[in-house]
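The values are calculated or read from the model by the stated rules, or taken from the named source; none is laboratory data. This one's a predicted model, so the numbers in the text were calculated from it and none came from an experiment. Cβ placement follows ideal geometry from the backbone for every residue including glycine, while neighbour counts extend to all protein chains displayed.
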Amino acid sequence: MTNPTKASTEGASSFARVQAGMARRRAAERRFKLLGRAAVGIGLLFLAVLLTSIVSRGYTAFWQTEMRLDVVLVADEIDPEGTRLVDTLHKADYSALIKQSLRDMFPEVSSRRDRFALYGLVSNGAAFDLRDRVMADPSLIGTTVSLWVPADDDVDMLMKGHIDREGPEADRRIKDTTLGWIDQLEADGRLALRFNTAFFTKGDSRDPELAGIRGALMGTIFTLVVTLALSFPLGVAAAVYLEEFAPKNRWTDLIEVNINNLAAVPSIVFGLLGLAVFINVFGLPRSAPLLGGLVLTLMTLPTIIIASRAALKSVPPSIRDAALGIGASPMQATLFHVIPLALPGMLTGTIIGMAQALGETAPLLMIGMVAFIADVPQGVFDPATALPVQIYLWADSPERAFVERTSAAIMVLLAFLALMNLVAVLLRKRFERRW
Amino acid sequence: MSTQGQAMAFKLDAEPVDTQKPTVGRDVRETVGEVRVADPRVRCTDVNVHYGDKHAIKNISLDVGKGEVLAMIGPSGCGKSTFLRCLNRMNDTVRECRVTGEILLDGEDINASHIDVVPLRARVAMVFQKPNPFPKSIYENVAFGPRIHGLCNSKSDLDVVVESSLRKANLWDEVKDRLDDVGTGLSGGQQQRLCIARAIAIEPEVILMDEPCSALDPISTAKVEQLIEELRQQFSIVIVTHSMQQAARVSQRTAYFHMGDLIEVSETDRLFIKPRHQLTEDYITGRFG
Ligand SMILES: Nc1ncnc2c1ncn2[C@@H]1O[C@H](COP(=O)(O)OP(=O)(O)O)[C@@H](O)[C@H]1O
Ligand SMILES: [Mg+2]
């Protein structure tokens with residue numbers, strides 16, 4: 001720091017000039033810091049706004065209105081011959097039983113139109129729930145079971161306050177009679193918001209109350225596993241070869257320029273390439289995570305190669321000299337000393353690439369991963385969709401209940417992203433601590 | 001520079017002073033002195049090095065004897081490091097670098113097409129200017145060489161080699177309780193001795209040292225110099241140094257380089273007391289460089 005005695009021996013005038021300038025320098029320093037803080041603050045503000053809007057819109061999707069029904073499991077309806085064969089139990093008309101139980105609750109409803117509206121209170125999925133229940137325990141046949149089944153999405157929206165009760169009846173989605181039934185059911189304790197397990201265990205559905213994220217989540221996981229398994233080893237190997245072994249000549253310069261250009265190619269082009277090459281030439285199954293993974297690998301590879309090369313470049317040459325100087329072969333020097341030092345940087349590049357791949361929609365549209373797929377994929381060959389595509393599909397659906405599901409799906413996507421980043425941070429920590 | 005001058009003066013006082021002036025003029029570029037020794041470990045003949053268009057080493061012939069320390073001195077940029085790196089073909093890693101001439105190690109041309117650089121560098125190991133231990137444990141640093149060359153069959157063999165190398169490098173007592181600590185956590189002088197231990201663990205015939213003490217404090221320097229004296233019993237050592245006192249203290253023969261030419265080679269004492277070339281005298285009296 002400034003030392004007055006030293007300054008005075010060197011001439012008071014220069015010291016005084018330094019002193020006079022200090023106020024200005026400190027002010028500049030403060031302004032600079034303030035600017036930085038403001039930038040960080042604005043960034044955080046936008047993030048907060050984004051998260052609040054998503055969470056506030058989407059959190060209700062994690063609860064689902066369910067209705068308690070007392071269903072009489074009439075033996076003659078389900079299994080007239082009493083064989084209890086799986087096939088028979090599977091084919092029985094459970095929705096008739098559900099309709100019967102609704103009619104039992106509201107015996108006064110008689111007209112065809114009203115009955116139709118009454119049946120519409122519960123979801124189409126209720127019959128499947130009932131079937132699963134009976135098939136799991138056939139001894140229930142002949143008794144009366146009380147079970148919670150998902151209510152229709154309109155009922156759900158009404159319960160969550162997303163649909164108006166007021167206004168002229170003609171403009172309302174839910175008419176007065178239906179409103180009356182709902183109020184009565186609620187008063188009887190037959191309607192309740194319960195945790196929406198279906199959202200996490202089921203695939204997509206046309207009915208919002210039955211639609212789950214699991215199909216898209218599994219599709220994303222399978223796709224990313226394929227992407228990671230292909231792009232990390234390929235990218236690192238390419239980077240190591242180009243950086244450590246390849247001769248530096250016109251060809252390698254050309255390759256470098258091309259890799260940098262590939263990183264800037266719009267992702268939909270990779271989708272078109274996947275369509276033209278992987279589907280049309282190699283005949284890979286459409287909509288499969290394997291295909292998605294291949295296409296996303298094309299897209300991620302340049303990112304990983306560029307980041308890995310930068311990481312390798314930043315390893316001090318003295319480490320290579322040290323290894324070579326005692327007779328390590330170039331491969332041993334690279335494998336034992338250079339790559340371990342570059343690995344954290346390579347992992348950073350990989351996670352950036354994977355995060356890009358996770359959020360990518362456009363190339364998946366081109367290879368058919370946008371199709372409506374109700375089943376949860378079991379492997380990389382099953383037709384699947386991915387989280388961002390699912391978000392796009394739901395955002396495009398007209399039902400009010402899909403609005404909150406869209407936001408909920410975004411939350412799942414963000415949580416998945418956070419998890420991936422966490423794993424990357426932990427991995428980096430581990431590799432950095434080794435030294 | 002003044003301390004160097006005083007030290008030299010002290011050394012000159014201690015020996016009988018010969019006032020005879022150098023006999024070879026400044027414009028002569030042929031090497032003066034004894035380039036050959038009776039029993040060479042390394043024999044270089046007409047070595048030339050080009051970096052692209054730049055002629056960095058011009059027609060140098062020089063021997064390294066068995067069990068001797070050869071010091072290489074000269075103003076910076078004169079090609080000491082370049083020449084040193086020819087001896088274990090480290091220049092192979094430099095693009096644009098072209099080496100011609102004959103370099104024999106135990107009578108065998110190291111630039112011959114059938115010679116593999118990997119075993120060559122196991123015989124001619126190198127210690128660098130900046131201590132460059134691997135960012136791994138002290139044990140791993142020393143064990144790396146023996147391991148990749150397959151010198152040890154068992155963990156206990158390796159332990160023995162690591163201990164004896166660290167002992168030879170005068171480092172054992174300082175690190176024996178913390179062999180698992182990272183090598184980069186040691187002090188600069190300890191790091192450089194670790195690098196020397198790493199080199200001697202592979203039992204080379206020649207150790208090349210490129211200004212090994214330039215980044216060290218005087219006490220560490222003294223330790224490394226003492227170590228060099230001890231290692232001479234077993235290895236031939238070629239050391240580049242920018243310190244003339246160091247050359248005088250550790251070496252038996254000294255070579256003076258000037259702009260890519262080898263100007264003079266003599267017994268170390270003779271070179272500093274009675275240089276035969278005018279350029280050598282200019283340099284050691286501080287008139288140049
Ligand atoms: N990698 C290189 N590429 C081009 N020129 C080099 C390279 N290394 C050294 N040189 C040149 O060769 C000459 C000798 O360098 P060097 O051997 O490092 O000198 P010294 O070690 O004696 O200071 C210098 O002029 C230097 O500029
Ligand atoms: Mg040098």
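Worth a mention:
- Within the stretch A:224-269, tally of residues that are free of Cβ contacts under 8 Å to residues at least 12 places away in the same chain and more than 25 Å from A:Leu358 (Cβ to Cβ): 12
- Cβ-Cβ under 7 Å pairs, at least 6 apart or on other chains, the stretch A:152-163 side over 13 Å from A:Leu210 (Cα atoms), far side assigned to a loop (DSSP other than H, G, I, E, B): A:Val155/A:Leu121; A:Met157/A:Ile163; A:Met157/A:Arg400; A:Leu158/A:Ile174; A:His162/A:Arg400; A:Ile163/A:Arg173; A:Ile163/A:Ile174; A:Ile163/A:Arg400
- The stretch A:178-205, residues that are buried (at least 16 other Cβ atoms within 10 Å of the Cβ) and either closer than 19 Å to A:Met411 by Cβ or among the hydroxyl-bearing types (Ser, Thr, Tyr) (or both): A:Thr178, A:Asn196, A:Ala198, A:Phe199, A:Lys202, A:Gly203, A:Asp204, A:Ser205
- Residue that is farthest from B:Ile200 (Cα to Cα), among those in the stretch B:122-134 that are more than 16 Å from ligand 2 (Cβ to nearest atom) and buried (at least 19 other Cβ atoms within 10 Å of the Cβ): B:Phe134
- Condition check for B:Ser165: small (Gly, Ala, Ser), under 23 Å from B:Lys66 (Cα atoms) and either away from ligand 2 (no atom under 16 Å from the Cβ) or in a loop (DSSP other than H, G, I, E, B) (or both): yes
- In the stretch B:239-251, the residues that are within 14 Å of ligand 1 (Cβ to nearest atom) reach residues that are outside any loop (DSSP other than H, G, I, E, B) and of a type in the set (S, T, N, Q) with C-beta atoms within less than 7 angstrom, at least six apart or across chains, in these pairs: B:Val240/B:Ser81; B:Ala247/B:Thr254; B:Ala247/B:Thr268.
Every residue, every condition in (1) part of a loop (DSSP other than H, G, I, E, B); (2) of a type in the set (A, V, I, L, M, F, W, C), yes or no:
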{"residue": "A:Met67", "(1), (2)": "no, yes"}
{"residue": "A:Asp76", "(1), (2)": "no, no"}
{"residue": "A:Leu89", "(1), (2)": "no, yes"}
{"residue": "A:Leu102", "(1), (2)": "no, yes"}
{"residue": "A:Ser110", "(1), (2)": "yes, no"}
{"residue": "A:Ser139", "(1), (2)": "no, no"}
{"residue": "A:Gly142", "(1), (2)": "yes, no"}
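- In the stretch B:253-264, the residues that are at pLDDT 95 or above and part of a loop (DSSP other than H, G, I, E, B): none
- Hits in the stretch B:67-80 - residues which are among the small types (Gly, Ala, Ser) and either within 14 Å of ligand 1 (Cβ to nearest atom) or at pLDDT 95 or above (or both): B:Ala71, B:Gly74, B:Ser76, B:Gly77, B:Gly79
- Number of positions in the stretch B:141-185 that are within 12 Å of chain A (Cβ to nearest Cβ), without any contact (Cβ under 8 Å) to a residue 24 or more places away in the chain and more than 27 Å from B:Ala222 (Cα to Cα): 3
- Highlighted here are the helices (runs of 4 or more DSSP H) found entirely within the stretch B:57-154 that include at least 1 residues which are small (Gly, Ala, Ser) and under 23 Å from A:Ile339 (Cβ atoms): B:117-123, B:138-148.
- Put simply, of A:Ala342, A:Ala357 the only residue that is among the aliphatic types (A, V, I, L, M), crowded, with 19+ Cβ neighbours inside 10 Å and within 14 Å of chain B (Cβ to nearest Cβ) is A:Ala342.
- Checked against (1) of a type in the set (Gly, Ala, Ser); (2) within 14 Å of chain A (Cβ to nearest Cβ); (3) out of contact with any Ser or Thr (no Cβ under 8 Å at 6 or more places or on another chain); (4) away from ligand 1 (no atom under 15 Å from the Cβ), B:Ala201 meets all criteria but (3).
- From the options B:Gly101, B:Gly79, B:Gly25, residue that is more than 14 Å from chain A (Cβ to nearest Cβ), over 30 Å from B:Pro146 (Cβ atoms), in contact (Cβ under 8 Å) with a residue 12 or more places away in the chain and within 16 Å of ligand 2 (Cβ to nearest atom): B:Gly79
- Of residues in the stretch B:210-231 being within 16 Å of ligand 1 (Cβ to nearest atom) and either assigned to a strand (DSSP E or B) or modelled with pLDDT of 90 or more (or both), the one surrounded by the most Cβ atoms within 10 Å (Cβ to Cβ): B:Pro212
- Single residue of the stretch B:39-61 satisfying the filter (under 25 Å from B:Glu205 (Cα atoms) and within 16 Å of ligand 2 (Cβ to nearest atom)) that is farthest from the other protein chains (Cβ to nearest Cβ): B:Ile60
- Sole exception among (1) within 14 Å of chain B (Cβ to nearest Cβ); (2) in contact (Cβ under 8 Å) with a residue 12 or more places away in the chain; (3) over 30 Å from A:Leu422 (Cβ atoms); (4) of a type in the set (A, V, I, L, M) for A:Met331, by number: (2)
- Residue match in the stretch B:110-121 (condition: surrounded by 22 or more Cβ atoms within 10 Å (Cβ to Cβ), within 16 Å of ligand 1 (Cβ to nearest atom) and of a type outside the set (A, V, I, L, M)): no
- Test: residue in the stretch B:265-283 that is more than 14 Å from chain A (Cβ to nearest Cβ), within 16 Å of ligand 2 (Cβ to nearest atom) and part of a helix (DSSP H, G or I): yes
- Comparison of A:Ser56, A:Ser111 shows that the only residue that is farther than 20 Å from A:Arg206 by Cα, modelled with pLDDT of 85 or more and outside the structural domain of A:Ala151 (by TED's automatic domain parsing) is A:Ser56.
- Qualifying residue in the stretch A:377-390 (condition: out of contact with any Lys or Arg (no Cβ under 6 Å at 6 or more places or on another chain), assigned to a helix (DSSP H, G or I), more than 14 Å from chain B (Cβ to nearest Cβ) and among the β-branched types (Val, Ile, Thr)): yes
- With respect to the conditions (1) more than 14 Å from every other protein chain (Cβ to nearest Cβ); (2) out of contact with any Ser or Thr (no Cβ under 6 Å at 6 or more places or on another chain); (3) more than 13 Å from ligand 1 (Cβ to nearest atom), B:Val64 falls short on a single one, namely (2).
- Taking the stretch A:36-50 as the range and being among the hydrophobic types (A, V, I, L, M, F, W, C) and either under 22 Å from the mean Cα position of the chain (by Cα) or under 24 Å from A:Met411 (Cβ atoms) (or both) as the test, the residues that pass are A:Ile42, A:Leu44, A:Leu45, A:Phe46, A:Leu47, A:Ala48, A:Val49, A:Leu50.
- Options A:Phe372, A:Phe381; residue that is at pLDDT below 95 and either closer than 30 Å to B:Ile148 by Cβ or touching a Leu at 6+ places or on another chain (Cβ under 7 Å) (or both): A:Phe381
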